[in-house]
1. What distance in nm separates the simple spin-label points at residue 218 and residue 170, each placed 7 Å from Cα in the Cβ direction?
2. Could you please rank 324, 336, placing first whichever residue has the fewest other Cβ atoms within 10 Å of its Cβ?
3. Please order 369, 290 by the number of other Cβ within 10 Å, starting at the fewest.
4. List 299, 294, 171 from most exposed to least, where exposure is judged by having the fewest other Cβ atoms within 10 Å.
5. Within 10 Å, count the other beta carbons around each residue, average over each peptide in 325-331, 174-180, 370-376, and list them highest first.
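Any read-out appearing in this document is the output of simple, stated calculations on the displayed coordinates, not a laboratory observation. Keep in mind the model is a prediction, meaning the values are calculated, not measured. Cβ placement follows ideal geometry from the backbone for every residue including glycine, while neighbour counts extend to all protein chains displayed.
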């Protein structure tokens with residue numbers, strides 16, 4: 001049985017990933033189904049905790065899962081550990097006496113309760129009782145009026161409830177809600193170049209030892225070396241910048257890491273690796289940047305896998321690099337155009353990264369729609385590309401597992 005899980009990271013004020021919200025669909029069904037809330041949640045918890053394994057999905061962090069009133073009444077959350085499961089009550093669930101009783105039981109058992117897309121309805125007599133059992137209020141900052149946001153913030157402060165700003169999309173929004181005391185943030189802001197400000201890509205994938213071992217052999221295997229570099233977004237980026245520098249400028253455009261290594265030459269590449277290994281041996285940061293690199297790896301592997309399903313003449317390495325560099329603007333805190341002007345990437349890859357339609361762009365768009373849990377959009381793109389949705393879901397799960405395994409290996413080195 002193959003299953004499909006999408007997840008969205010939740011950050012704290014310092015930029016660390018503290019939890020994931022989980023979204024799911026059954027990949028054995030050859031469509032992105034419009035299913036009931038009960039079925040969707042049941043699929044999420046059963047497949048996430050049993051079939052895939054929650055550790056694989058959330059890397060040991062808590063997960064937020066939406067629950068309908070019916071599933072809450074069935075006490076479904078109590079089948080899962082309270083230290084892992086955060087019970088998220090949908091905005092469609094109307095506060096009533098039974099819901100209050102359920103929440104009290106959950107709190108007594110140690111569960112945390114979050115209210116999704118919360119809106120104050122003063123005419124409901126059970127609302128304030130529900131708030132007494134609430135740990136977290138999620139505020140949809142795009143669709144909630146300013147007066148309502150202010151009222152929610154006042155009540156949260158009075159009752160000592162933490163706030164999460166949902167659908168944060170710009171640096172201005174992030175800073176505004178951070179300054180207002182919001183503890184957590186969720187949205188696509190991590191893919192926006194203006195939200196982060198870092199001047200170098202932190203190194204997480206300590207591939208230096210393996211690369212240097214390969215280089216020290218009598219007959220270095222360029223294919224193997226290229227694969228090790230491809231695992232590390234920072235190394236890939238720095239290699240391309242070096243190729244494009246004044247000293248090593250080449251006329252050829254790059255469509256693979258292997259090509260870049262060949263153009264540079266193994267001797268020069270070895271010197272460059274030694275320099276970087278010394279400089280970055282103690283550089284190990286966490287937070288938003290680490291999550292972006294994780295997502296970049298998933299995108300790279302997924303795009304590469306998609307290339308095997310498509311009637312394309314473009315190389316699979318180009319698909320990999322398109323996925324790998326799709327969030328480079330978020331890491332560096334500058335526009336994609338500015339970054340690409342400094343990299344000798346193949347024009348087709350560059351076009352895709354700046355939004356021009358081509359096969360690479362179609363692939364990365366499909367991956368992003370799955371990543372966001374936009375099933376209708378993903379289904380439409382699968383149909384347009386003539387690929388089976390069930391197979392695409394399977395590939396995404398494989399890409400997620402591949403990235404987790406890669407990061408696990410690197411954390412042990």
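1. Output for this residue pair reads 6.3 nm.
2. Going from sparsest to densest Cβ surroundings: 336, 324.
3. 290, 369
4. Ordered from fewest to most neighbouring Cβ atoms within 10 Å, 299, 294, 171 come out as 171, 294, 299.
5. So the peptides 325-331, 174-180, 370-376, ranked by packing, come out 325-331, 370-376, 174-180.
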